[in-house]
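Engineer: Can you keep this structure in mind? I'll have questions shortly.
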Amino acid sequence: MIPAGFDYRRAETLEEAIQLLQEHGEEAKIISGGHSLLPILKARLAQPGMLVDISRIPALSGILEEEQILIIGALTTHHEIESSPEVRKLCPLLAETAAQIGDVQVRNRGTIGGSISHADPAADYPAPLIALDAEFLVTGPDGARSNRAENFFEGTFETALRPNEILTSVHIPILGRRTGASYCKAAQQASGFAVCGVAALVELGDDGLVSKASVGITGVAGAAYRATPVEEAIAGKAPSAENIEAAAAYAADDIVPFEDLYATPEFRRHLAEVWTRRALDRAARMAGS
Ligand SMILES: Cc1cc2nc3c(=O)[nH]c(=O)nc-3n(C[C@H](O)[C@H](O)[C@H](O)COP(=O)(O)OP(=O)(O)OC[C@H]3O[C@@H](n4cnc5c(N)ncnc54)[C@H](O)[C@@H]3O)c2cc1C
């Protein structure tokens, strides 16, 4: 379990990192927390000739609120998200999700930017970030651009990132009143990755009916996805147990669940329905309280 040899450069600025990526082309790989990349290098599933370390670039750090948007730097670790007073207050769903990632060691080193860019189909963050309508800011040789979370995860370990682009920050709209949000997952016992993870947001109108619902699901398909049929089925209805159960039945509609050591496609479909019901129910209770 020893990686093949590689060169290493630590970039001090975003511009320097992009330049290094351009210089070394396909040989280069970004490293931030290293908690997904290093196991891959050790197993020799990838053998990049150059690692570009972005973990000390100040512009990629920090958590701040600007005009009702919570902005989280790509280098923010899972532990920082879990324990940040701003995130806990302005986006408790993300803090709740970060607290469920791996173990203390993983949460201390792993970063939100690394997790999103890696796009493991069983990673936790994609579900809440899709449900929250988050945007990802990326910067590359052609400048900066923004991607909607829901369009970013294109397949297993595949994203909308273009060559030599770096994910710099995550932008999350702050939720309004009478909105509840919940992340529920069935976890792999050893690693904590999601066999099925469901993030649900429920907003209640003054009439007590669901004015908006938003559902992101990870761990079930080759890439995390928005469960639009569930959202449509519960919108405008009372958040009763019957209505939630009926809507949750659409959790894996038009989805091809994958098979691995942990679950068959049939079991994943079942989990998607059960955990969507639980996440919606919990979010609706929070919205009403
Ligand atoms: C034992 C173990 C258990 C885990 N359990 C969970 C779990 O329960 N849930 C979960 O979601 N995850 C889990 N993980 C994964 C963990 O969250 C990783 O930290 C995360 O997936 C990657 O973040 P990183 O900063 O370590 O990225 P790295 O490993 O440094 O990089 C990962 C990939 O992203 C690229 N990259 C990194 N940063 C950027 C950037 N800013 N812009 C563009 N590309 C970038 C790298 O080139 C690389 O391809 C686990 C990992 C381990 C080792």
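The values are calculated or read from the model by the stated rules, or taken from the named source; none is laboratory data. What you see is a predicted model; the values in this text were computed from it and never measured. Cβ coordinates were reconstructed from backbone atoms using ideal geometry, including for glycine residues, and neighbour counts include every protein chain displayed. Side chains included, ligands, DNA and RNA excluded: accessible areas come from the protein's heavy atoms. Shrake-Rupley method; radii C 1.70, N 1.55, O 1.52, S 1.80 Å.
Engineer: Can you find, among LEU14, LEU93, SER83, the residue sitting farthest towards the positive end of the charge dipole of segment 1-134, where Lys and Arg contribute +1 and Asp and Glu -1 at Cβ?
Structural biologist: SER83
Engineer: Express the carbon and sulfur contribution to the solvent-accessible surface of the chain as a percent, rounded to the nearest whole number, probe 1.4 angstrom. Numbers along the way, then the final one.
Structural biologist: Working: 6780 of 13490 Å².
Carbon and sulfur: 50 percent of the exposed surface of the chain.
Engineer: Might you report the magnitude of the Cβ-based charge dipole of segment 20-135 about its Cα centre, with Lys and Arg at +1 and Asp and Glu at -1, to the nearest 20 debye?
Structural biologist: Numbers: 8 positive and 16 negative charges, 107 e Å.
For this selection, approximately 520 debye.
Engineer: With springs connecting C-alpha atoms under 10 Å apart, model the chain as a Gaussian network and identify which of THR264, THR76, THR168 has the largest mean-square fluctuation.
Structural biologist: THR264
Engineer: Sticking with this one: Ignoring ligands and nucleic acids, what accessible area does LEU201 show with a 1.4 Å probe (Å², nearest 10)?
Structural biologist: Approximately 10 Å² for this residue.
Engineer: Across segment 220-230, in residue order, what do the Karplus-derived ³J(HN,Hα) couplings come to in whole Hz, using 6.51 cos²θ - 1.76 cosθ + 1.60 with θ = phi - 60° and x for Gly and Pro?
Structural biologist: These are the phi-based 3J(HN,Hα) values: 9, 9, x, 9, 4, 9, 8, 8, 4, x, 5 Hz.
Engineer: Which of SER115, SER32, SER84 moves the most in a Gaussian network model of the chain with Cα springs under 10 Å?
Structural biologist: Maximum among the listed residues: SER84.
Engineer: Put +1 on the Cβ of every Lys and Arg and -1 on every Asp and Glu Cβ in the chain; which of ALA144, LEU167, GLY73 then has its Cα farthest towards the positive end of the dipole?
Structural biologist: Towards the positive end, the residue furthest out is GLY73.
Engineer: Would you tally the net charge around GLU245, using a Cβ to Cβ cut-off of less than 12 Å, leaving GLU245 out, and scoring K and R as +1, D and E as -1? Don't jump to the answer; show the numbers that get you there.
Structural biologist: Working: positive: LYS237, ARG277, ARG278; negative: GLU242, GLU273, ASP281.
Summing Lys and Arg as +1 and Asp and Glu as -1 gives 0.
Engineer: Rounded to the nearest 10 Å², what accessible area does ASP207 show when all protein chains are kept and the probe is 1.4 Å?
Structural biologist: The accessible area of ASP207 comes to roughly 110 Å².
Engineer: Follow-up question, since we're still on this one. Within a Cβ distance under 15 Å of SER84, other residues only, what is the Lys/Arg minus Asp/Glu net charge? Provide the component values of the computation, followed by the final result.
Structural biologist: Values: positive: ARG88, LYS89, ARG107; negative: GLU65, GLU80, GLU82, GLU86, GLU96.
Neighbourhood net charge equals -2.
Engineer: So, in Å, what gap is there between the alpha-carbon centers of segment 137-153 and segment 172-231?
Structural biologist: When both Cα centres are located, 23 Å separates them.
Engineer: Using a Förster radius of 25 Å, what is the FRET efficiency between GLN188 and ASP7 based on their Cβ-Cβ separation? Nearest 0.05, please.
Structural biologist: Details: r = 34 Å, r/R0 = 1.37.
The value I calculate is 0.15.
Engineer: When the chain is modelled as a GNM with alpha-carbon springs shorter than 10 Å, which of ARG56, ARG268, ARG277 fluctuates the most?
Structural biologist: It is ARG56.
Engineer: Mind grabbing the accessible area of MET286 for me, 1.4 Å probe, Å², rounded to tens?
Structural biologist: Result for MET286: roughly 80 Å² accessible.
Engineer: Take THR228 and ALA99, extend 7 Å from each Cα along the Cα→Cβ direction, and tell me the distance between the two endpoints in nm.
Structural biologist: Placing both labels 7 Å beyond Cα along the Cβ direction yields 3.4 nm.
Engineer: Something else now. Which value, in debye to the nearest 20, gives the size of the charge dipole of the chain about its Cα centre, when Lys and Arg are +1 and Asp and Glu are -1 at the Cβ?
Structural biologist: Working: 25 positive and 39 negative charges, 141 e Å.
That gives a dipole near 680 debye.
Engineer: Hey, another quick one. Could you list the trypsin sites (Lys or Arg not before Pro) in segment 152-201 that lie in coil according to DSSP, counting only those with at most 12 other Cβ atoms within 10 Å of their Cβ? Numbers along the way, then the final one.
Structural biologist: Numbers: sites: ARG177, ARG178, LYS185; in loops: ARG177, ARG178.
Sites meeting the loop and neighbour criteria: ARG177.
Engineer: Further, regarding this structure: Dipole of segment 87-143, Cα-centred, from +1 at each Lys and Arg C-beta and -1 at each Asp and Glu C-beta, to the nearest 20 debye?
Structural biologist: Working: 4 positive and 7 negative charges, 60 e Å.
Using only the charged Cβ atoms, the result is roughly 280 debye.
Engineer: Another question about this same structure. So what is the accessible area of the chain per residue, in Å², with the probe set to 1.4 Å? Present the calculation step by step, with values, prior to reporting the outcome.
Structural biologist: Values: 13490 Å² over 289 residues.
So the chain comes to 47 Å² accessible per residue, rounded to a whole number.
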